[in-house]
Amino acid sequence: EEEIPEDHPRYQDLLTRHRIENGVEKGITHLQGMHAEGRGSAFDYLLGEETIPSADAAERAGAAHLLLADRPVLSINGNVAALVPGEMVDLADATDADLEINLFNRTPERMQAIADHLSEHGAEDVRGLEADARIPNLDHERAKVDEDGIYSADVVLVPLEDGDRAEALAEMGKTEIVVDLNPLSRSPRVADVPIVDNIIRAVPNVTDHARELADADEETLQEIVAEFDREQALEAAEERIRDGF
Ligand code: PTJ
């Protein structure tokens, strides 16, 4: 990462690509994660590679949901683990949430590599390895979750989620916060809180909001949740992409 000069105009994008490549080399990220990253990068370019105001509002609403939750869980896949491992640990600390590894292409080797990687970044307790419950209406491997994790969570943060699973989780009645750079993708479309932003910027910003709201009373948090308009957030992102900046 030191090889990329910080004043390079595409510094963040190059850093991201580099982290995904390292993730693949370490057995953390699936090869498909590189394609996902390429797609994300194209959308980020069109968004101006910045957190647009509607995304910031979504990040604030996401923080409020996590603080209000009884059992918040942050889901981690191979891309998330490669891009923002320490940042996810910080967010879990700030919101008293659990971390759970949940893979689209699940193998025991990747599960373990990601668990070790998260521990190296300060995670104390990582869920997902137990896999003693199933998300209804999904095929076997993709449905595996922890009974005391995602299965019983009331609020879940699912970054870069596949559309089928996002839908199945929504059907379970969970409050879903999705981070996805493509506002037309199915996962942000079924989310209660669609965050159309790069996960690299989104996660630290949700943490900042959570820290700032740490002492807020329940009424204030409920107000932030109620004022957030998911349709408007999706429209604003699409408009930015179509009309430019
Ligand atoms: O590690 P696994 O096995 O769980 O697999 C993870 C991937 C991401 C490979 C898998 O879930 C997958 O194939 O996802 P998709 O269907 O490619 O969806 C990924 C979505 O994330 C796309 O809509 C991308 O635009 C978006 N995306 C990619 N990179 C970022 C992103 N969104 C936010 N920040 C990013 N850095």
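Structural remarks
- Beta bridges assigned by DSSP with both partners in the chain are antiparallel in approximately 10 percent of cases.
- Karplus-derived HN-Hα couplings along the range 130-139 (A = 6.51, B = -1.76, C = 1.60, θ = phi - 60°), whole Hz, x at Gly and Pro: 4, 6, 9, 8, 10, 6, x, 6, 9, 6
- Low-density loop cleavage sites - GluC sites (Glu not before Pro) in the range 144-176, where at most 13 other Cβ are within 10 Å (DSSP): Glu147
- Derived scalar couplings ³J(HN,Hα) [the range 90-104; Karplus, 6.51 cos²θ - 1.76 cosθ + 1.60; whole Hz; x for Gly, Pro]: 4, 5, 4, 5, 5, 10, 6, 9, 9, 9, 9, 7, 9, 9, 6
- Listed residues Ala113, Leu99, Leu181: farthest to the positive end of the dipole of the range 99-181 (Cβ charges): Leu181
- Site pair His18 and His35 shows an inter-label distance of 2.7 nm when each label is modelled 7 Å from Cα along Cα→Cβ.
- Cα gyration tensor category, rounded, prolate or oblate, for the chain with a/c compared to 1.5: rounded
- Database remark: amide H of Ile195 closer than 5 angstrom to the amide H of Val178, Val179, Asp180 (H placed geometrically; neighbours at sequence offset of 5 or more, or on other chains; Pro and chain starts carry no H).
- Percentage, to the nearest whole number, of Cα pairs in the range 171-245 over 17 Å apart: 53
- ³J(HN,Hα) computed for each position of the range 210-216 - Karplus, 6.51 cos²θ - 1.76 cosθ + 1.60, integer Hz, glycine/proline x: 4, 5, 5, 8, 3, 9, 5
- Sorting 112-119, 12-19 by average packing, meaning the other beta carbons within 10 Å per residue, from highest down gives 112-119, 12-19.
- Put simply, the amide H of Arg71, placed in the peptide plane, has neighbours under 5 Å in Asp154, Val155, leaving out anything fewer than 5 places away on its chain.
- For the pair Gln232 and Glu109 in one chain, pulling the backbone fully straight at 0.36 nm per residue adds 40.2 nm over the alpha carbon distance.
- Contour excess over end-to-end distance, with Cα ends at Asp70 and Asp217 and 0.36 nm allotted per residue: 51.4 nm
- Distance-filtered residues of the range 46-84 - backbone nitrogen under 14 Å, label point 7 angstrom along Asp243 Cα→Cβ: 53-54
All of the numbers you see were taken from the coordinates with simple rules; none came from a lab. Only a predicted model underlies this, so the values are computations on that prediction, with no experimental measurement involved. Positions of Cβ are backbone-derived with ideal geometry, glycine not excepted, and every protein chain shown enters the neighbour counts.
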